[in-house]
Every structure is written in structure tokens, then in C-alpha cells.
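The values are calculated or read from the model by the stated rules, or taken from the named source; none is laboratory data. If you're wondering where the values come from, they're calculated on a predicted model, not measured in any experiment. Here the Cβ positions follow ideal geometry from the backbone for every residue, glycine too, while neighbour counts run over all protein chains shown. The area values use the complete protein model at the heavy-atom level, side chains included, leaving out ligands, DNA and RNA. Shrake-Rupley method; radii C 1.70, N 1.55, O 1.52, S 1.80 Å.
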Amino acid sequence: MAAPMIESTFKSFMCPMKELRLDKTLACGQSFRWKENIPGTWVGVLAGRVWKLKQNENEIFYTTHSKSIQQPTKIEKCPPTKKRRKLTKMGTTEQMTRTIEEKHICCENIGIEGDNELNILRDYLQLSVKLQDLYSQWSLNDPNFREKSENFQGVRMLRQHPVENLFSFICSSNNHISRISSMVEKLCEHYGEKVIELDGQAYFAFPSISSLAGEGVEEKLRQLGFGYRAKYISSSARYLNENGGEDFLFSLREQPYEEAKQQLMKLNGVGAKVADCVCLMSMDKAGAIPVDTHVWQIAARDYIPKLKQSKSLTDNLYKEIGDHFRSLWGPYAGWAHSVLFTADLKKFKRESPDTKIKEKAKKKKVK
């Protein structure tokens, strides 16, 4: 029988909701492993631990659970750039600033030396980026963003582990968020190591590349309902296993955006959109714009009317849409794109104040 888990107390740090909304950021299709098991409390697996996160207007609360004391997690696997080496001489709030505009600091004095869990969370949530400054900049340049983002403050990009991010989005091909989440959990349950059992539920780490590259993986995944994606996962894992594995993926963080994207597109099942998702969500390419049918429709409706005449999303149109948004929003264009993408999701549209007002108006008319 497993030893009973001791409930950890929640720790907290200051972070206003305009800098981070957990309910939007963790449920908008970036990561597929966070669940709101209790209203307002999000549970997920990160860096060999099970995390619980919740928040109020001004604070983020977190606690972790694991089998035993973990060894310090290596957050940054690549050698620091020259810019980063200079930053190590500065204060702790600046040490992990990786972004283009280094003045953006979200939450001061979190990232304390020796507090490994807090550093993991700080890195994952990219709290070195001050989101309110970016929202102000985007709103100034784009009236549509200003209008749409009013009810969608605090949507920020996660900095995910490249292996989990890549294989999750290989599962995303012609799929929707709930089914992708189900597939990702199946991957973890069948090929990942068990972390702990908590509140009657077993939690698993995301599988290693080598475990997904093993014999019989494709056949097993087909039996589990992955369809053609089973081949993509198996063959991509084998390719990576033979070409540097996890270290190769981490090395792409140091490559220019276009180079990293081209390297990713060598993998089976990784086209331009999936490659851009990985570049944006785990490769530090803040200007990457994943363009799918949904983003194409947003661009055609609100930004580039001529796109309405196009019958398919060609490579040229894909590039035109991405370049348009990069020109409009600047270095963090991928972050701005994520805000509008989230605002346009049906699940969030139903919750928005504007939608509720319109629904009430319709009911009055019917009466």
C-alpha cells in the first residue's frame, strides 16, 4: 500500500489578475493537462510534481505533491546567451528575463534563490514578462485588440517542456481541446512514470522520447484511438531518439525562429501550424503565429478582408497572416494572437459579459 500523502500548505506570491488569469491561461488550448477539479483550483503535473494552483484578485497560491524530495529541476537546459550571462550579475528578478523587452517584470521578488518550486513556476508562467505593458502597447496599435481584450485580461503564454508541447500538438491535428486532452492523458498513463496518487487519482509524468520510440507504440496507440496520429507520434519519437533527443529540442531555443521552425517541420506530423505552436509555447519564439482555420477566420473578419475570397489556407496566405500580425503587434505578436484566439473560443464567448447581455436581450424579445 502506498504511503499516505501529507497535504501541503499553500504558499503564495503577489500577482494581480491582469497579469495572469488561471482560468483563461490554463484552459485555452496551450497545455492539455490542467484540470479544474474543484472550482477555482487547478491541478496539473509539472517537473515531476503534482501542482495545485488557485488565485484571488492579487495573489497566486500554489502547493505541490510528490513521492519524495525532488532533485533541483534544471529549468534552462541550454547554455545562456551572452545577454543572459550579463544578467546573472544582476538581481534575482532579472536573472531569468529571456524576453526581448527586458524591462517587463511582472511580479517582483519571486524567484528566490533556493526556492526551486517557485523558480519552476515562475519560469513556466513566464512571470518575467509584464503583461499589462504589452496589453497597453497592443491596444494602442490595434483598436480591435483593445475591444476584444477588455474581458480577456491576464492571458499569458506558458513556457512548456518541449517534449510535452511537441507531442501534445502532434495529437492536435484535426482535433478539439477535450479530445486532445484525453489523448495526452492516455499517453501519460501508458508511457509515463507514475508521480503519485492524490485524492484517489493517479498522476503520471509526460512520457520520455525513448518510451514513445519503443517497439509496438504505434500499434498500441491505434488501439487507444489515436488513429493516424499514432504513426506521427511513433516516427517522430524515433527520429528524435536518433538525432539528439530532448537535448536537440532544447537546443532549438537558441536557434533563430525560422531555423527552429524548419527543424521541427522535419518531424512526421509537424506542419507549419504545429511547428509554430511549439516555437511559441516552448521555444521562446514570442513572435511565432500559429495559423489554423480559426485564426484565418479571425484575420479575414477583423484584419484582412480580402482573405474572405480565399478558398483554402495556402502557404503564402499563412505567411501573409503571420507577417501582418507581427507587423501590427511587434515582438510579442504570438502572445497577442493567443489573447484573440482565446476570446474567440466558444467556451469563453458563452461566459463573456457581452454574450450574457445579448442572450438576456433575446429572451426579452421572445417574451
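Structure values in brief
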{"quantity": "Among the residues listed as Asp292, Asp247, Asp284, Asp315, the single one being more than 29 Å from Glu185 (Cα to Cα) and open to solvent by 20 Å² or more (accessible area, probe 1.4 Å)", "calculated": "Asp315"}
{"quantity": "Pair list, Cβ under 8 Å, 6 or more apart: segment 183-202 residue within 14 Å of Glu164 (Cβ to Cβ), other residue open to solvent by 90 Å² or more (accessible area, probe 1.4 Å)", "calculated": "Val195/Lys67"}
{"quantity": "Among residues of segment 187-203, those that are outside any strand (DSSP E or B) and open to solvent by 30 Å² or more (accessible area, probe 1.4 Å), counted", "calculated": "6"}
{"quantity": "Flag if Val184 is touching a Ser or Thr at 6+ places or on another chain (Cβ under 6 Å) and either open to solvent by 70 Å² or more (accessible area, probe 1.4 Å) or part of a helix (DSSP H, G or I) (or both)", "calculated": "yes"}
{"quantity": "Residue match in segment 230-240 (condition: buried (at least 20 other Cβ atoms within 10 Å of the Cβ) and of a type in the set (D, E, K, R))", "calculated": "no"}
{"quantity": "Elements of type helices (runs of 4 or more DSSP H) contained in segment 204-290, each with 2 or more residues being basic (Lys, Arg) and out of contact with any Ser or Thr (no Cβ under 7 Å at 6 or more places or on another chain)", "calculated": "217-223, 229-242"}
{"quantity": "Looking only at segment 252-270, and only at residues there that are open to solvent by less than 40 Å² (accessible area, probe 1.4 Å) and on the phi < 0 side of the Ramachandran plot, the one that is nearest to the chain's Cα centre (by Cα)", "calculated": "Arg253"}
{"quantity": "Complete set of residues in segment 290-344 that are more than 23 Å from Asn175 (Cβ to Cβ), at pLDDT below 95 and of a type in the set (Ser, Thr, Tyr)", "calculated": "Ser310"}
{"quantity": "Of the criteria (1) within 29 Å of Pro143 (Cβ to Cβ); (2) open to solvent by 40 Å² or more (accessible area, probe 1.4 Å); (3) at pLDDT 95 or above; (4) in contact with a helix residue (DSSP H, G or I) (Cβ under 6 Å, 6 or more places away or on another chain), which one Lys273 fails", "calculated": "(4)"}
{"quantity": "Positions within segment 136-172 being open to solvent by 10 Å² or more (accessible area, probe 1.4 Å) and touching a Lys or Arg at 6+ places or on another chain (Cβ under 6 Å), in sequence order", "calculated": "Ser139, Gln153"}
{"quantity": "Residue that is modelled with the lowest pLDDT, among those in segment 15-57 that are touching a strand residue (DSSP E or B) at 6+ places or on another chain (Cβ under 6 Å) and open to solvent by 40 Å² or more (accessible area, probe 1.4 Å)", "calculated": "Asn37"}
